[in-house]
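Encoded as structure tokens, the structure appears first; notes follow it.
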Amino acid sequence: MRLNLPVYSYAHRSRPSSSARLLNCYSELMPPGAPVPVVLMRAPGTRDWTTVGTGSIEGMWRAKINFATGRLDRLYVVSGRELYSVDSAGTATLIGDIGTPNNIDFASNDSALVVVNEPDAFYYDGTTFAQITDPDFTALGAGNVEFLENFMLFRAPDSDIMFGAELGSVTDFNALDFVNSDSHPDYLRGIISDHRNLVCFGEDSTELYTNTGVTGFPFERIINGTMEVGLAAENLYGRCFDVVYFIADDLTVRRLDGNSPVKVSTHYIEQLLDTFTLSSGKAFSYWQEGHFFMGFTFNEGTIVYDAVTQEWHERESYSRDYWRFQSMARFADKVLAGDRDSNEVVELDLDKYDEAVNDPTMASNVQVMEWTYQPVYADGIRAFHDRLEVRFEAGTGITTGQGDDPRIMMEFSDDGGRVWNALPTRTLGKKGEYQDRAIWHNLGSSRQRVYRGSVSDPVKVYILDTVMEVRGGKL
């Protein structure tokens with residue numbers, strides 16, 4: 001019999017009949033005619049790129065801005081309390097101090113960068129770096145910033161107000177250039193542009209605004225542009241695959257389809273969210289080799305949605321409950337990620353299989369790939385497991401060091417994942433040994449059993465299939 005590969009995370013703690021979980025790996029669909037319909041791929045590791053400042057990476061933004069000195073393509077990074085400009089060679093240049101970081105956000109127009117450090121905001125035009133001090137701005141402050149239709153738009157903290165700078169400006173404000181997002185008596189938690197509309201997330205509702213061209217502040221709420229669902233906490237929204245995703249106040253993950261918030265989360269993901277500290281959360285997104293990932297990371301864990309396969313998996317750094325990379329940018333032909341625990345900006349690389357961060361608090365840079373199958377259920381009758389074979393792309397070992405003889409580890413549980421029993425490791429194949437297979441024999445009996453595989457060696461892993469020989473029960 002074939003033991004189907006887990007293609008998603010759905011290890012529901014109150015429903016032992018579901019145990020599938022993907023950690024640091026994800027599924028990829030195969031084309032018609034392929035030997036198997038789906039494979040499991042190892043999530044990208046990281047390689048060193050550069051260090052920025054001395055503080056943790058609080059946010060990153062890639063912008064091409066026409067400064068007076070010319071159009072510059074740069075990565076802007078907040079490290080600790082300082083803002084830096086980073087060129088394509090990874091050379092960081094200090095721009096200025098923005099204060100103790102608190103909810104960092106970026107936006108840029110054709111001539112300037114704006115950085116929000118709630119409730120303050122700063123601008124940089126290639127020559128001048130300064131805090132925005134227009135009294136009409138400071139009377140409200142900023143929680144987020146977004147650029148749309150040549151307007152720099154802001155969310156005022158602890159209010160229902162969305163307001164903007166004068167057309168084309170980032171420093172001049174008019175006290176009349178604002179709207180109250182008042183379809184519900186709630187405060188705003190975030191703003192983001194979406195196909196020439198502005199999405200205003202409240203605590204209990206969401207409203208869509210568009211530039212109608214009227215005299216004065218031109219943004220008006222769209223007819224039927226109010227949704228009866230809000231944002232669970234600040235920073236829990238982003239854009240992926242040209243679509244806006246967010247964690248709603250009912251602890252579901254939603255995708256905006258026009259003015260319809262379509263649910264994309266499973267009950268397992270929603271159960272995880274119910275245990276996470278939402279205020280610690282931050283959204284991120286990136287794309288790599290045709291996969292478009294929308295992720296949300298918290299102190300207690302990191303969940304990632306693949307917008308192409310529409311399946312969830314989880315990420316985790318060694319000795320952490322979460323994946324330590326939460327700021328993403330595509331720059332210098334690389335997928336770059338900022339480390340929330342150090343001053344490193346790293347490159348996500350599918351040919352790297354560990355995390356290259358120089359952090360003395362880490363016990364190891366190992367990346368553990370782990371996949372848990374759905375239970376082998378014998379309809380409540382004892383079944384005998386004679387043989388288990390995991391098929392994979394063999395011969396991926398490296399020449400020397402850890403990974404020269406890579407191993408696959410396998411465990412099983414007969415009590416719904418409460419207690420795990422380790423089986424002997426099997427080789428993934430030394431470099432060039434393409435015919436190796438991982439096979440276990442005489443595995444005992446069980447009425448319901450869960451198998452869990454893992455690889456910690458820094459080598460490429462493609463899991464192709466799993467087959468079993470089982471006697472008894474109703475299998």
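Checked against (1) at pLDDT 95 or above; (2) assigned to a loop (DSSP other than H, G, I, E, B), Thr215 passes all but condition (1). A single entry from Asp125, Asp158, Asp136 fulfils the requirement of being touching a Ser or Thr at 6+ places or on another chain (Cβ under 8 Å), touching a residue at least 24 places away in the same chain (Cβ under 8 Å) and in the same structural domain as Asp257 (by TED's automatic domain parsing): Asp125. Of the strands (runs of 3 or more DSSP E) contained entirely in region 312-384, those carrying at least 2 residues that are farther than 20 Å from Pro458 by Cβ and of a type outside the set (S, T, N, Q) fall at 325-331, 334-339.
For Leu443, the conditions (1) part of a loop (DSSP other than H, G, I, E, B); (2) out of contact with any His (no Cβ under 9 Å at 6 or more places or on another chain) all hold with the exception of (2). Is it the case that some residue within region 273-283 is assigned to a strand (DSSP E or B), surrounded by fewer than 23 Cβ atoms within 10 Å (Cβ to Cβ) and either more than 16 Å from the chain's Cα centre (by Cα) or modelled with pLDDT of 95 or more (or both)? Yes: region 273-283 contains one or more residues that are assigned to a strand (DSSP E or B), surrounded by fewer than 23 Cβ atoms within 10 Å (Cβ to Cβ) and either more than 16 Å from the chain's Cα centre (by Cα) or modelled with pLDDT of 95 or more (or both). In region 258-316, of all residues being in contact (Cβ under 8 Å) with a residue 40 or more places away in the chain and among the basic types (Lys, Arg), the one that is nearest to Lys352 (Cα to Cα) corresponds to Arg315. Taken as a whole, the condition of being outside any loop (DSSP other than H, G, I, E, B) and either modelled with pLDDT of 95 or more or under 24 Å from Gly202 (Cβ atoms) (or both) applies to Leu94. Among the candidates Val170, Val199, the residue that is of a type outside the set (Phe, Trp, Tyr) and within 23 Å of Ala130 (Cβ to Cβ) is uniquely Val170. For Asn117, the stated conditions hold: it is modelled with pLDDT of 95 or more, within 27 Å of the chain's Cα centre (by Cα) and among the polar types (S, T, N, Q). Among residues of region 224-254 being part of a strand (DSSP E or B) and more than 15 Å from the chain's Cα centre (by Cα), the one that is nearest to Arg189 (Cα to Cα) is Leu231.
Yes or no: Asp105 assigned to a strand (DSSP E or B) and modelled with pLDDT under 95? It is false that Asp105 is assigned to a strand (DSSP E or B) and modelled with pLDDT under 95.
The values are calculated or read from the model by the stated rules, or taken from the named source; none is laboratory data. Just so you know, these numbers come straight off a predicted model, no measurement behind them. Cβ coordinates were reconstructed from backbone atoms using ideal geometry, including for glycine residues, and neighbour counts include every protein chain displayed.
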